[in-house]
Amino acid sequence: MKEQRIPPSNSAHHEQAIQLFLRELASLLTLKYSLTLTLLWCFAWGTVALAMRAGFGTSRKALLWGAGGMLIAIIVAVVKAGRQLPTPASIRSLLDQQNECGGLLMKVFAHRLIARDTVEEKVLQLQSNKRNLADAIISADNSLIRDLGREDLELLLS
C-alpha cells in the first residue's frame, strides 16, 4: 500500500495551489484564444493571398509575409487571456463558497463606520450599555446587582 502524504493546510500551501491554478488557467485560455485567432487569421490571409495571386499574379514569396500576422494573433491571444484571468482573491472566495470553509482561506476584515450624532451611534451606545450591564449581572460581582435601580432594569429589558 502506497503511503499518501497530505500537505499541511496553511495559507502558504493555499497560495501555491492558487498560483498553480492561475498558471494552468492562463495556459488554457492562451491556447484557446491562440487557436481561434490563428484560424481566423489563416482564413482571412488565405482568402487575400488567393485573390492577389489570381488577380495580380503576386509571387508566393511575397505572400509569405502574411505569416507574420499569426505572431500578432498569438500576442493578442496572450494579452486577451491575461485580461480574462480572475484575481487570486476571487479564487479564494470561490473556494470558500464551494467548500463552505467559512473564511478559512480568506482573511476578512469588517469595519463599522458610524457617523456622529446619528441614530446608528445612539443604537450602538445603547447596545454597549446593555452589554456592559448584562456582563456585570452575569459576573460574580454582586455589588452591582445590589446597586441596580429601576432605570437600569428598564434599560436592560427595553
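The values are calculated or read from the model by the stated rules, or taken from the named source; none is laboratory data. Everything numeric here is computed off the predicted structure, so don't read it as measured data. All Cβ positions, even for glycine, are placed from backbone atoms using ideal geometry, and neighbour counts span all protein chains on display. Ligands, DNA and RNA are stripped out before the accessible areas are found, and what is left, the full protein with its side chains, is counted by its heavy atoms. Shrake-Rupley method; radii C 1.70, N 1.55, O 1.52, S 1.80 Å.
Here the calculated FRET efficiency for Q98 and L31, from their Cβ-Cβ distance with R0 = 22 Å, stands at 0.30, rounded to the nearest 0.05. In this view, the solvent-accessible surface of K130, computed with a 1.4 Å probe and all protein chains in place, comes to about 50 Å². Net charge of the neighbourhood of G46, taken over other residues with C-beta under 14 Å away and scored Lys/Arg +1, Asp/Glu -1, is +2.
Given 10 °C and 1.306 mPa s, how large is the Stokes-Einstein diffusion coefficient of segment 43-100 in µm²/s, with Rh as the Kirkwood radius over Cα pairs? Show your work: numbers first, answer last.
Details: Rh = 14.9 Å.
It comes out at roughly 106 µm²/s.
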